[in-house]
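Participant: One structure coming up, written as structure tokens, with questions to follow.
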Amino acid sequence: MFVWNEFLTRGIRNNLKNTLWTVALVYGFFKQVELSVSGRDVKLTLIARRSRHYAGTRYLKRGVNEKGRVANDVETEQIVFEDVPEGCPTQISSVVQNRGSIPLFWSQETSRLNLKPDIILSKKDPTYEATKLHFENLARRYGNPIIILNLIKRCEKKPRETILRSEFANAIRYINKSLTKENRLRATNVLELLGRVADYALNLTGIFYCQVTPNCRPEGLLDLTCVLQNDEHFAQIPCDKSDDGEKLDIDVGSDNQSSTENVKPPMFQTGVLRTNCIDCLD
């Protein structure tokens, strides 16, 4: 999904049955900084990877296509790990978010004279099949729950974004009718209370957490992560999030963890916070 030369390298990969002879080109962003938090030195890493499906430039790519792919779908991962002396156990945590265009059939006519071109619902989808396909794809990739952070404007003098806001709300209500209570899409619209939204989302999805001891082989770390099966599906690892916060407090507060007997079990994120606004890459 995030390998932009996937098509060009498909032939050699399929014939050789491996990826040793190809280089995966990912379009995205990477940054790592060192911070000191509460007397601990940590490294904060941000990785953003952009989907090769239905990508394009501003105004020319909007909304969703028939396959449920949204314009400019970006997965962002925030990784935090301790900067500890060599030989000491390292604690690692990670949270994944997703952002993309509003999953409806809509478009904007580009114009040099109009800085805010009109928003057009370009195609009627009465049963919201494309929107439903999009959220089904998110559930396969990340698990449930799917939390929608909706940054579309609520009030306008001339209706533009509010047209999409109303239709998107209708789509969510329609899709939720066919979902079980625990798997329903959860929408939140509070832009000025992002801190509370973040707390709400993290409590629902949990985070990835593991502790790596010095004698762990690199192969052992790979066993803790989700394994990519194909272009869309990840092996879902069950997670009991009921006491994640308590586990994390214990892990972060423990300094005497030099032996493998003190290694805490890993935790996993299940579900994702999905953000959208009109310009989803802003």
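The values are calculated or read from the model by the stated rules, or taken from the named source; none is laboratory data. Predicted model, so just to flag it, every value in this text is computed and none were measured. Every residue, glycine among them, receives a Cβ derived from its backbone with ideal geometry; neighbour counts consider all protein chains shown. Quick note on the areas: whole protein, heavy atoms, side chains included, nothing else; ligands and nucleic acids left out. Shrake-Rupley method; radii C 1.70, N 1.55, O 1.52, S 1.80 Å.
Participant: What single numbered condition from (1) acidic (Asp, Glu); (2) touching a residue at least 24 places away in the same chain (Cβ under 8 Å); (3) open to solvent by 30 Å² or more (accessible area, probe 1.4 Å) fails to hold for Glu161?
Facilitator: Condition (3) is where Glu161 drops out.
Participant: Something else: Every residue in the stretch 85-105 that is open to solvent by 30 Å² or more (accessible area, probe 1.4 Å), in contact (Cβ under 8 Å) with a residue 40 or more places away in the chain and more than 25 Å from Gly28 (Cβ to Cβ), please.
Facilitator: Hits for the stretch 85-105 are Glu86, Gly87, Cys88.
Participant: If you don't mind, another one. Please verify whether Val84 is of a type outside the set (D, E, K, R) and assigned to a strand (DSSP E or B), treating the condition exactly as stated. It would help to see each step written out before you state the result.
Facilitator: Numbers: of a type outside the set (D, E, K, R): yes; assigned to a strand (DSSP E or B): no.
Considered against the rule, which asks whether it is of a type outside the set (D, E, K, R) and assigned to a strand (DSSP E or B), Val84 comes out as no.
Participant: Quickly run through the stretch 13-36 and pick out the residues that are surrounded by 10 or more Cβ atoms within 10 Å (Cβ to Cβ) and over 25 Å from Glu75 (Cβ atoms).
Facilitator: Leu16, Trp21, listed by residue number.
Participant: Given Glu66, Glu77, which one is outside any strand (DSSP E or B) and touching a residue at least 24 places away in the same chain (Cβ under 8 Å)?
Facilitator: Glu66
Participant: While we're here: Look at the stretch 196-218 and say how many of its residues are modelled with pLDDT of 85 or more, open to solvent by less than 80 Å² (accessible area, probe 1.4 Å) and out of contact with any Lys or Arg (no Cβ under 6 Å at 6 or more places or on another chain).
Facilitator: Initial filter on the stretch 196-218 (modelled with pLDDT of 85 or more): 196-212.
Keeping just the survivors that are open to solvent by less than 80 Å² (accessible area, probe 1.4 Å) gives 197-198, 201-202, 204-212.
Now narrow it down to the ones that are out of contact with any Lys or Arg (no Cβ under 6 Å at 6 or more places or on another chain): 197-198, 201-202, 204-205, 207-210, 212.
Total meeting the criteria: 11.
Participant: When the residues of the stretch 35-54 are narrowed to those that are among the small types (Gly, Ala, Ser) and in contact (Cβ under 8 Å) with a residue 24 or more places away in the chain, which ends up farthest from Pro89 (Cα to Cα)?
Facilitator: Residues of the stretch 35-54 that are among the small types (Gly, Ala, Ser), as a first pass: 36, 38-39, 48, 51.
Keeping just the survivors that are in contact (Cβ under 8 Å) with a residue 24 or more places away in the chain gives 48, 51.
Values: Ala48: 27, Ser51: 34 Å.
Filtering first and then ranking leaves Ser51.
Participant: Something else about it: Of all residues in the stretch 26-78, which are within 30 Å of Lys132 (Cβ to Cβ) and hydroxyl-bearing (Ser, Thr, Tyr)?
Facilitator: If the condition is that a residue be within 30 Å of Lys132 (Cβ to Cβ) and hydroxyl-bearing (Ser, Thr, Tyr), then Tyr27, Ser51, Tyr54, Thr57, Tyr59, Thr76 are the ones that fit.
Participant: If Asn150 meets every condition in (1) modelled with pLDDT of 95 or more; (2) closer than 19 Å to Thr275 by Cα apart from one, which number is that one?
Facilitator: Here Asn150 clears every test but (1).
Participant: If you don't mind, another one. With the checklist (1) open to solvent by 60 Å² or more (accessible area, probe 1.4 Å); (2) within 30 Å of Asn183 (Cα to Cα); (3) in contact (Cβ under 8 Å) with a residue 40 or more places away in the chain; (4) more than 23 Å from the chain's Cα centre (by Cα) in hand, flag the one item Pro126 doesn't pass.
Facilitator: Of the numbered conditions (1) open to solvent by 60 Å² or more (accessible area, probe 1.4 Å); (2) within 30 Å of Asn183 (Cα to Cα); (3) in contact (Cβ under 8 Å) with a residue 40 or more places away in the chain; (4) more than 23 Å from the chain's Cα centre (by Cα), the odd one out for Pro126 is (3).
Participant: Within the stretch 32-77, can you find the residues that are hydrophobic (A, V, I, L, M, F, W, C), over 18 Å from Phe208 (Cβ atoms) and more than 13 Å from the chain's Cα centre (by Cα)? If you could, list the steps in order and put the result at the bottom.
Facilitator: Within the stretch 32-77, the first condition is being hydrophobic (A, V, I, L, M, F, W, C), and the residues that meet it are 33, 35, 37, 42, 44, 46-48, 55, 60, 64, 70-71, 74.
Applying the additional criterion that residues be over 18 Å from Phe208 (Cβ atoms) yields 33, 35, 37, 55, 60, 64, 70-71, 74.
Correct list: Val33, Leu35, Val37, Ala55, Leu60, Val64, Val70, Ala71.
Participant: Regarding the stretch 48-63, can at least one residue be identified that is within 30 Å of Asn276 (Cα to Cα) and open to solvent by 100 Å² or more (accessible area, probe 1.4 Å)? Give the steps one after another, and end with the answer.
Facilitator: Step one: of the stretch 48-63, the residues within 30 Å of Asn276 (Cα to Cα) are 48-63.
Now restrict to residues that are open to solvent by 100 Å² or more (accessible area, probe 1.4 Å): 58, 60.
Scanning the stretch 48-63, I find at least one residue that is within 30 Å of Asn276 (Cα to Cα) and open to solvent by 100 Å² or more (accessible area, probe 1.4 Å), so the answer is yes.
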